[in-house]
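Below: one structure, written as structure tokens.
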Amino acid sequence: MSRTVRLTLFLVAAAGVGALYLVAVLGMPALGTNVHPYRDHAVAASVARSTANVVSSVNYDQRALDTLGEETIVLGSVIGAAVLLRPTEREREHVVRDSDEVLPPVQLLGYLLLPVTLLVGANLVLHGQLTPGGGFQGGVVLGTAVHLLYLTGRYQALDRVRPLWVFTSGEAVGTAMFAVLGIAGVATGVGFLANVLPTGTWGALLSGGTVPLLSIAIGIEVASGVIVLLTKFLEQALRIEDEH
């Protein structure tokens, strides 16, 4: 494809996107008024599905298809980064020893914060339909919490608690869970990613229908992706050396 053809395709696509954007902007309610159609519809749908956290209702129910796309982007980004960070033919891996230079107070703080941070991450994922949080936020907290062991100077312990094959599989499992829940909506005749489970009681842990399950799927995928990504970055920085 020549440069002229590529430029022409870009200009045509940009013109279409620009026209749609202009129509959307011109159709928005004026600032400072009480007219908020999206808010009204989103809140009403959230209440109807017994989902106390409206943001989670939007992410995992009202526009769950967009969230599936975002999850797939995260998956693809982690895979791409992992491929690029693989050792080349000129590089070799070596064993990383634990550091003795970390101050004891820093080590103690890392050990104390590890279980607390894991609990906070799990709480964000499991209660995403009730309180601020959800799979994306909780997954990032869980994925980074494990690496508090690295701050304590215990790289070998970090290697033992985060076997890479488990979390590469976790990425696939989380994405597959999301897709399977979407197919369940098709199987019931409602639609892909439709909220087909009983919504329960407002404010209860088992409320929101498929919202908490989708949040868990996202949490697994994001936590696994963060761990894989940080593992590859640390390997590149600490374990891989150029032979020349």
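The values are calculated or read from the model by the stated rules, or taken from the named source; none is laboratory data. Treat the numbers as computed from the prediction; the structure is a model and nothing was measured. Because the Cβ atoms are built from the backbone with ideal geometry, glycine has one as well, and the counts that use them run over all protein chains shown.
Residues considered: G76, G128. Of these, the only one that is closer than 30 Å to V43 by Cβ and either surrounded by 14 or more Cβ atoms within 10 Å (Cβ to Cβ) or of a type outside the set (A, V, I, L, M, F, W, C) (or both) is G128. Scanning segment 16-72 for residues that are polar (S, T, N, Q) and not in a loop (DSSP other than H, G, I, E, B) returns S46, S56, S57, N59, Q62, T67, T72. Residues in segment 196-238 that are within 20 Å of the chain's Cα centre (by Cα) and either among the polar types (S, T, N, Q) or at pLDDT below 90 (or both): T210, S215, S224, T231, K232, F233. Answer yes or no as to whether A42 is within 26 Å of S57 (Cβ to Cβ) and at pLDDT 90 or above. Yes: the conditions hold for A42.
Only one of the numbered conditions (1) out of contact with any Gly (no Cβ under 7 Å at 6 or more places or on another chain); (2) touching a residue at least 40 places away in the same chain (Cβ under 8 Å); (3) over 20 Å from A81 (Cα atoms); (4) buried (at least 16 other Cβ atoms within 10 Å of the Cβ) is not met by T199, and that is (1). You will find that of S99, S169, the residue that is modelled with pLDDT of 85 or more, surrounded by fewer than 15 Cβ atoms within 10 Å (Cβ to Cβ) and polar (S, T, N, Q) is S169 and no other.
For T188, state whether it is free of Cβ contacts under 8 Å to residues at least 24 places away in the same chain and more than 14 Å from the chain's Cα centre (by Cα). So T188 passes the test. When L213 is tested against (1) surrounded by 17 or more Cβ atoms within 10 Å (Cβ to Cβ); (2) at positive phi; (3) free of Cβ contacts under 8 Å to residues at least 40 places away in the same chain, exactly one condition is not met: (2).
Taking each residue of segment 39-65 that is β-branched (V, I, T) and looking for partners that are assigned to a loop (DSSP other than H, G, I, E, B) with beta-carbon atoms closer than 7 Å, six or more apart or interchain, yields T51/Q129; T51/S207; T51/G208.
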